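Data block below; observations after.
Computed from the coordinates by the stated procedures, all read-outs in this text should not be read as laboratory data. Keep in mind it's a predicted model, so treat the numbers as computed, not measured. Using ideal geometry, Cβ is built from the backbone for each residue, glycine included, and neighbour counts are taken over all protein chains shown.
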């Protein structure tokens with residue numbers, strides 16, 4: 001989840017502490033927050049970026065320091081462009097668009113359609129702008145590998161730029177990138193192909209989708225399934241099945257596991273590996289999703305911010321074991337039994 005704690009796109013000591021505790025969680029994969037591929041692709045001025053040498057150096061240095069103090073764990077990074085949601089204030093300051101006079105910038109989007117009616121319109125991307133964004137995603141992918149990132153996820157969800165191309169709510173273009181389904185998915189697929197080429201073979205690359213806009217006339221689950229098929233054919237390793245975010249008119253029936261059916265449908269009908277998300281909070285709930293074949297992975301964010309030792313507690317509940325840092329071996333309560341396993345030779 002976005003931490004809104006970077007300086008000029010660069011990771012800070014907040015990230016060192018934040019990443020350090022989550023790298024000790026015992027999870028199978030830790031994903032670094034949405035990371036902008038251009039400066040104007042940040043949601044807020046405090047968002048993490050990977051668009052220049054300073055950003056790359058700060059991320060590399062901070063991640064290396066955090067990893068040196070944790071057990072081995074794979075690290076993914078989510079590459080993103082905020083689109084028309086860019087130039088916003090941080091959530092705890094209201095999250096509204098920042099005017100140019102106050103240090104904001106003009107966001108870019110597929111079309112000059114604002115997210116909310118009271119907001120100024122973004123600038124519609126021209127051919128040069130499209131090429132710049134596409135190449136920026138590829139360049140950030142190369143920077144991520146140099147920084148030691150093990151997997152990438154492209155953010156095509158939550159009303160940000162690539163989702164804005166997918167949805168007819170935000171895409172009113174009349175060129176090759178708007179109108180029909182095939183045209184609306186064209187630019188996101190170009191970005192995926194550019195990143196797949198830049199990202200080394202053998203390193204996983206996934207995509208986060210908003211599987212429905214929750215608005216009549218918007219992006220649909222059936223379209224997500226077809227897009228997933230085409231992404232798999234291009235070398236996509238998983239679909240992270242989320243929803244919503246492109247329109248204030250959305251009506252979301254929120255409840256525990258409310259997005260799991262999207263992961264199930266995409267998994268069954270496209271052949272993609274899927275990641276289930278959305279109000280998954282208990283060990284039994286997560287276990288049931290995997291055991292029933294609804295998804296291949298479960299991603300949890302808010303639950304881990306609330307409880308960075310969620311995996312330890314889940315292991316105790318489900319009768320499994322985790323290997324903690326040796327400094328914490330004495331911490332398990334008696335009722336947790338044998339939740340702590342023994343590190344194998346060579347493990348940190």
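With the condition kept exactly as written, say whether any residue in segment 170-187 is under 18 Å from the mean Cα position of the chain (by Cα) and either assigned to a loop (DSSP other than H, G, I, E, B) or surrounded by fewer than 22 Cβ atoms within 10 Å (Cβ to Cβ) (or both). No, that holds for no residue. Screening 73, 32, 43 for residues that are buried (at least 21 other Cβ atoms within 10 Å of the Cβ), in contact (Cβ under 8 Å) with a residue 12 or more places away in the chain and under 22 Å from residue 311 (Cα atoms) leaves exactly one candidate, 32. Does residue 268 qualify as being closer than 23 Å to residue 304 by Cα and out of contact with any helix residue (DSSP H, G or I) (no Cβ under 8 Å at 6 or more places or on another chain)? Considered against the rule, which asks whether it is closer than 23 Å to residue 304 by Cα and out of contact with any helix residue (DSSP H, G or I) (no Cβ under 8 Å at 6 or more places or on another chain), residue 268 comes out as no.
Number of residues in segment 322-334 that are more than 19 Å from residue 299 (Cβ to Cβ) and either in contact with a helix residue (DSSP H, G or I) (Cβ under 6 Å, 6 or more places away or on another chain) or assigned to a helix (DSSP H, G or I) (or both) equals 7. Does residue 268 meet the test of being without any contact (Cβ under 8 Å) to a residue 12 or more places away in the chain and either surrounded by fewer than 18 Cβ atoms within 10 Å (Cβ to Cβ) or within 29 Å of residue 203 (Cβ to Cβ) (or both)? Here the answer is yes, as residue 268 does meet what is asked.
Restricting attention to segment 204-225, the residues that are in contact with a helix residue (DSSP H, G or I) (Cβ under 7 Å, 6 or more places away or on another chain) and either within 15 Å of residue 165 (Cα to Cα) or not in a strand (DSSP E or B) (or both) add up to 10. Within the set 246, 133, the sole residue that is under 18 Å from the mean Cα position of the chain (by Cα), buried (at least 19 other Cβ atoms within 10 Å of the Cβ) and outside any loop (DSSP other than H, G, I, E, B) turns out to be 133. Residues in segment 255-299 that are touching a strand residue (DSSP E or B) at 6+ places or on another chain (Cβ under 7 Å), over 18 Å from residue 220 (Cα atoms) and assigned to a loop (DSSP other than H, G, I, E, B): 273, 280, 294, 295, 296, 299.
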